[in-house]
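These notes concern the structure reproduced below.
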Amino acid sequence: MTASTPGTEAVAAPAAPLGRLATWRYVFNTANLPQGMTRPPDAVSKWLVITRAAVFSMTVTSGLIGGLLAVGAMRLTGEVTVSWALLALAIVGLVVAHAANNMINDYFDLEGGVDTDDYVRALYAPHPILSGWVTKRQLGAAILVANVVDLAILLVLMSQRGPAVAAFALGGLFVSVFYVAPPIRLKHIGLGEPGVFVVWGPLMVVGTFFVATGAIPGWVWIASLPYAILVTTVLFGKHIDKIEADTKKGVRTMPVILGEARARRVAQGLMIAYYPIIVGAVLVGWIGPWLLLSLLGVPKLLATLTIFSAPKPDVPPHSYVGWPLWFVGAAFVHTRRAGGLLVLGLLLNALLPIALPWA
């Protein structure tokens, strides 16, 4: 599914070969190997690229939002209690599921004839199979291992919280597999973006809250939506970048259906909408005032809106990493900034609660 691949900001190519730790950091930040790297990638670098670990931050953020909403509810109202061990296990499970999802996308897009040597996926970063890094069988085995790990985590969580946990897990698995797998192929019929919205919002945030507390107050469903909007803009950006290639392949993502100019405006509208939703929720007392820290993301929002206001340039800026992706990089950086501020605000709400006089 995907919100799974970021573009990147312009990143200077390393002036000299990087050490192993620096290489891992570069890969984790850019979803790619350092430019000019001549030696074969080590196992950690290879699997960081294959699983597209650079975007795990979005999944961790969704999990933290669910967890911090639970902590806030415990400290402020006492309506729930939090199991820290189950909360941590749930977030680990989300990250493993995201890794499996990214590999599933590559496996089935190759099987379905979408991923080829000249398709966008193989141009911005090494494709696991097309690059020769792993065979189809090895990638399938990695997918199986990831899902077995998640099944084990699910069984532990179900033993503590009951079968309702499975509803969240199976909902995410359904979208993950059938995002690209036949016969549904959500991405191919304009339903990939709604799928990502549901997974990174209600399924991840509410699911984590439930695992941590064993309860689901109605307000948590609403609280799960703002960050889901931001993650959806990342997928919009990626699919805008791929409009021409997807059109040729018959992949009808939502930006393909809308057309580039309209899709860019929709993405801008979603980014903008996040901020009044947060402010409104604070003013009516649904969430604490520390969430107004989210407004510190407005400068990055304005820069991102500027990028989305014009078509993609014909050539990338100097040292840009991730070309031919363009819009997705800006959307991802904005989402990372806004999501980080959201997590910080929720943490401060839990640790240093402030009550508005009218709330």
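The values are calculated or read from the model by the stated rules, or taken from the named source; none is laboratory data. Source: prediction; values computed, not measured. Because the Cβ atoms are built from the backbone with ideal geometry, glycine has one as well, and the counts that use them run over all protein chains shown. Side chains are part of the model used for accessible areas, which takes the heavy atoms of the whole protein and leaves out ligands, DNA and RNA. Shrake-Rupley method; radii C 1.70, N 1.55, O 1.52, S 1.80 Å.
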Item to check | the chain, accessible surface, carbon-and-sulfur percent (1.4 angstrom probe) | outcome: 69 percent
Checklist entry - In a shell of Cβ-Cβ distance under 13 Å around Leu301, excluding Leu301 itself, what net charge do Lys and Arg (+1) and Asp and Glu (-1) give? => result +3
Item to check | Net charge over other residues, Cβ less than 14 angstrom from the Cβ of Pro40 (K, R count +1; D, E count -1) | outcome: +2
Item to check | Those residues of region 93-136 whose amide nitrogen sits under 16 Å from the label point placed on Gln160, 7 Å along Cα→Cβ | outcome: 93-95
Item to check | Stretch gain in nm, segment Leu130-Val145, where the contour uses 0.36 nm per residue and the Cα spacing is subtracted | outcome: 3.3 nm
Next on the checklist: Could you sort the peptides 254-266, 190-202 by per-residue average Cβ neighbour count (10 Å cutoff), highest mean leading?
Outcome noted: 190-202, 254-266
Next on the checklist: For Glu244, project a label point 7 Å along Cα to C-beta. Then give me every residue of region 176-214 with its amide nitrogen under 13 Å of that point.
Outcome noted: none
Checklist entry - For the chain, what is the convex hull volume of the alpha-carbon atoms per residue, in Å³? => result 136 Å³
Item to check | Theoretical FRET efficiency, 1/(1+(r/R0)^6), r = Cβ-Cβ of Ala152 and Leu347, R0 30 Å, to 0.05 | outcome: 0.50
Checklist outcome for this item: Note on region 184-299: C-alpha Rg/Rh, Kirkwood Rh, two decimals, gives 1.05
Checklist entry - Cα axis of helix 260-283 to longest principal axis of the chain: angle in degrees, 0 to 90, nearest 10? => result 20 degrees
Checklist outcome for this item: The summed charge of the Arg252 Cβ neighbourhood (under 13 Å; Lys/Arg +1, Asp/Glu -1) stands at +3
Checklist entry - Nearest 10 degrees, 0 to 90: what angle lies between the long axis of helix 20-30 and the longest principal axis of the chain (Cα atoms)? => result 80 degrees
Next on the checklist: Output the 0 to 90 degree angle, nearest 10, between the alpha-carbon long axis of helix 164-178 and the longest principal axis computed from the alpha carbons of the chain.
Outcome noted: 20 degrees
Checklist outcome for this item: Stokes-Einstein D for region 156-239 (37 °C, 0.692 mPa s, Kirkwood Rh from Cα pairs), in µm²/s, comes to 243 µm²/s
Item to check | Relative contact order of the chain, defined on C-alpha pairs under 8 angstrom at six or more residues apart (%) | outcome: 25 percent
Checklist entry - Helix-derived [θ] at 222 nm for the chain: sum -39500 (n - 2.57) over DSSP H runs of at least 4, divide by residue count, nearest 500? => result -20000 deg cm²/dmol
